[in-house]
1. Go over the candidates A:24, A:30, A:92 one by one and state the one that is surrounded by 13 or more Cβ atoms within 10 Å (Cβ to Cβ) and touching a Lys or Arg at 6+ places or on another chain (Cβ under 6 Å).
2. I need the full set of residues from region A:32-83 which are assigned to a loop (DSSP other than H, G, I, E, B) and touching a helix residue (DSSP H, G or I) at 6+ places or on another chain (Cβ under 9 Å), in order please.
3. Filter region B:84-98 for residues that are surrounded by fewer than 16 Cβ atoms within 10 Å (Cβ to Cβ) and either touching a Gly at 6+ places or on another chain (Cβ under 6 Å) or within 11 Å of chain A (Cβ to nearest Cβ) (or both) and give the result.
4. Name the single residue, out of those in region A:57-74 being in contact (Cβ under 8 Å) with a residue 12 or more places away in the chain and of a type in the set (S, T, N, Q), that is nearest to residue A:22 (Cα to Cα).
5. Can you tell me which residue among A:89, A:108 is within 14 Å of chain B (Cβ to nearest Cβ) and outside any loop (DSSP other than H, G, I, E, B)?
6. Looking at region B:6-21, which of the residues that are out of contact with any Phe, Trp or Tyr (no Cβ under 7 Å at 6 or more places or on another chain) and closer than 19 Å to residue B:72 by Cα is farthest from the other protein chains (Cβ to nearest Cβ)?
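Every number here is computed from the coordinates shown, using simple stated rules; none is lab data. Not measured: the values here are computed from a predicted model. Quick reminder, even Gly has a Cβ in these numbers, built from the backbone with ideal geometry, and neighbours come from all protein chains shown.
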Amino acid sequence: GQSLEQPSEVTAVEGAIVQINCTYQTSGFYGLSWYQQHDGGAPTFLSYNALDGLEETGRFSSFLSRSDSYGYLLLQELQMKDSASYFCAVVYGGATNKLIFGTGTLLAVQP
Amino acid sequence: DAGVIQSPRHEVTEMGQEVTLRCKPISGHDYLFWYRQTMMRGLELLIYFNNNVPIDDSGMPEDRFSAKMPNASFSTLKIQPSEPRDSAVYFCASSLEEHQETQYFGPGTRLLVL
């Protein structure tokens, strides 16, 4: 079967660091993507990990441990505009190009 | 380059009516996806196409739902007849075969069935 688990909500203050975890159980795993969705908007791609380790993109970093079926998104120097929902998504191998999205984590950044 | 285009952006209809949602993917993208998003069920993949051919429609909830992609630049998702439980945001997304991790989403169609 396929399942991804994320916390439903996270709250943090401006300037802080927050980590959003994602655990997955799925066959055919190829990599883990992260998407951001502001209220009323569309999901937008943030980051991708196909190999174990940390990928850094500005204030955002993403980590993957394939042996633990676990990944996280790290947001540093939080800004109010980072308030949004964050989704992890499993990328499947082969020629499917299909993503399976987690349930999303609502991040609230407070002043 | 324009992103994924969806129309209409908002649709309000009455139960039993036919609803047609439209999508224009990014030019050159090989894959097109239709998703439905609700508070209860999150972001669900309904169906996806590769080079205009439907690959996996296992997420289509019922026979009332159908999707077509007559050419590389146009796809439709049709609901007939519509029901109140179909109320949701419907997203279309496209991607390149060599970058399956990155899907580009359209702005969505907010559907309300009364």
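1. A:92
2. Hits for region A:32-83 are A:38, A:59.
3. Matches in region B:84-98: B:96, B:97, B:98.
4. A:69
5. Result of the check over A:89, A:108: A:89.
6. Applying the filter and picking the extreme gives B:20.
Here's the yes/no breakdown for (1) in a loop (DSSP other than H, G, I, E, B); (2) within 19 Å of residue B:10 (Cβ to Cβ); (3) within 14 Å of the chain's Cα centre (by Cα):
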| residue | (1), (2), (3) |
| --- | --- |
| B:63 | yes, no, no |
| B:66 | no, no, yes |
| B:78 | no, yes, yes |
| B:82 | yes, yes, no |
| B:92 | no, yes, yes |
| B:101 | yes, no, no |
| B:112 | no, yes, no |
